[in-house]
Amino acid sequence: MHAAWYDQRGAAADVLQVGDLPEPAPGPGEVRVRVSVSGINPGDTKKRSDWLGAPMPHPRVIPHSDGAGVVDQVGAGVDQNLLGRRVWVYGAQSYRAGGTAAQHTVVPADQAVPLPDAVSEEIGACLGIPGITAHRAVFADGPVTGQTVLVHGVLGSVSSMAAQLAHRAGARVIGTVRRTTDLAALPALQSSHWLDAVVALDGDDPAAAVRDTAPDGVDRIVEVSFSDNADLDAAVVRNGAVIAAFATREARPAFPFWPMLFENTTLRLLGSDDFPAAARQEAAAELTRAAADADLVIRWAQPLPLEHIARAHDQVDAGSRHRVLLALPS
């Protein structure tokens, strides 16, 4: 099969290779998916780049956890009716060597989610890590119907889906962007449909701007940069609020302990590779329903050919506001 891989960590152009590898076969409880579209996330490029200095988890890694395609083989104990089904997959390279940057990938059967006819494989390839993280950030601490959810970095892939899922669930949603100039990008996301207010963090008093919409404070915060936003978060939470953080700029962030303590604030940290299986399956089901109902606006760029994987990784690292995808040859 045609695939991309790396045998050591480093810059994309230095370590990513493209060529032919043996086709994988599904084991018991697994399915093999003929991949048509591979989705790339910042986590994929961080794993490749030796971000935290950890050793290679496998001698050779085919990158990317997200993708979409068609089930073409099933392992022992798997329903034969899955054969020929369009699916989207998640976690393909989570604790596994073979991701979706290949014509075939093997995943546990419950990580290959049937894709409704109305949903494109490009959208399916965008749902995995960002969507499941977004769902967990919004719903890990219970329903949000009637609550106020503050979503930081609403132009990002995780945060934009978190805002849309929260809105779909009946929450009032306040989004933030880093700069006032970023507000011009919001109409492309149809923001008026699922954001009740948007606050630019470089404004004169962003906490006051949040309080203008939520005078009693917010119930949930979806946090993309805890180290940068901790003071603002402490200023806008109501008693008993939850801050669900999936990223931070500083590895050892300081935060205002006493103000958060007096508001009985819960800090939830989200590591997507290790969410409970039931939570991932619940998220996958809701993401599929939301996509089928056209309740998710996801901006994706025209998929690049597999041979351009290094360029695609560089686009992700440069902070592309469109999801970066690869097209696998049929």
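Can you sort Thr213, Thr133 from fewest to most other Cβ atoms within 10 Å of each residue's own Cβ? Mind showing how you got there, number by number?
Values: Thr213 17, Thr133 26.
Going from sparsest to densest Cβ surroundings: Thr213, Thr133.
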- Overall Cα dimensions of the chain, principal axis frame, Å, largest first: 59, 41, 35
- Task: Please check the chain for the longest run free of chymotrypsin sites (Phe, Trp or Tyr not before Pro) that are loop-located per DSSP (anything but H, G, I, E, B) and have at most 12 other Cβ atoms within 10 Å.
- Result: 96-330
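How would you rank Ser330, Ser227, going from fewest to most other Cβ atoms within 10 Å of each one's own Cβ?
Details: Ser330 8, Ser227 16.
Least to most surrounded, the residues fall as Ser330, Ser227.
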- Task: Classify the stretch 115-222 as rounded, prolate or oblate from the Cα gyration tensor: take a ≥ b ≥ c as the square roots of its eigenvalues, call it rounded if a/c is under 1.5, otherwise prolate when a/b beats b/c and oblate if not.
- Result: oblate
- Message: From the phi angles alone, apply the Karplus equation (6.51, -1.76, 1.60; θ = phi - 60°) to the stretch 140-152 and give each ³J(HN,Hα) in whole Hz, x where the residue is Gly or Pro.
- Response: 4, 10, x, x, 10, 4, x, 9, 10, 10, 9, 10, 7
- For the stretch 221-244 and the stretch 78-111, what is the separation of their Cα centres, given in Å? 36
- Task: Report the one residue of Thr213, Ala200, Phe139 whose Cα lies farthest in the direction of the positive end of the charge dipole of the stretch 130-273 (charges on C-beta: Lys and Arg +1, Asp and Glu -1; origin at the Cα centre).
- Result: Phe139
- Message: To check you understand DSSP bridge types, tell me what percent of the beta bridges within the chain (both residues inside) are antiparallel, rounded to 5.
- Response: 55
- Express in whole angstrom the spacing between the alpha-carbon centres of the stretch 246-324 and the stretch 125-167. 8
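Of all trypsin sites (Lys or Arg not before Pro) in the stretch 205-266, which ones are in loop regions per DSSP and have a Cβ with at most 11 other Cβ atoms within 10 Å? Provide the component values of the computation, followed by the final result.
Values: sites: Arg211, Arg220, Arg238, Arg249; in loops: Arg249.
Passing sites in the stretch 205-266 are Arg249.
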- Take Thr288, Thr181 and order them by how many other Cβ atoms sit within 10 Å, fewest up front. Thr181, Thr288
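Given the DSSP H assignment, sum -39500 (n - 2.57) over each helix run of at least 4 residues in the chain and divide by its residue total; what's the result at 222 nm in deg cm²/dmol, nearest 500? Walk me through the numbers before you get to the answer.
Working: 10 runs with 89 residues, N = 330.
When only DSSP H runs of four or more count, the value is -7500 deg cm²/dmol.
Using +1 on the beta carbon of Lys and Arg, -1 on that of Asp and Glu, and nothing else charged, what's the dipole of the chain about the Cα centre, debye to 20?
Numbers: 27 positive and 38 negative charges, 58 e Å.
Roughly 280 debye for the chain.
Rg/Rh for the stretch 260-330 to two decimals, with Rh computed the Kirkwood way over all alpha-carbon pairs. List each step's numbers first, then the result.
Values: Rg = 17.5 Å, Rh = 15.7 Å.
Checking Rg against Rh, the ratio lands at 1.12.
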- Item | Top positive-direction residue, dipole computed over the chain with Cβ charges, set Thr176, Ala13, Thr265 | Ala13
- Per its Cα gyration tensor (rounded if a/c is under 1.5, else prolate when a/b beats b/c, else oblate), the stretch 52-162 is best filed as oblate
- Note on the structure: Taking a crude spin-label model, label points 7 Å out from Cα along the C-beta direction, the Asp231 to Ala185 distance in nm is 2.5
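Read-outs throughout are calculated quantities, based only on the coordinates presented, and are distinct from any laboratory measurement. Model, not experiment: these values are computed from the prediction. Note that each Cβ is placed from the backbone with ideal geometry, even for glycine, and that neighbours are counted across all protein chains shown.
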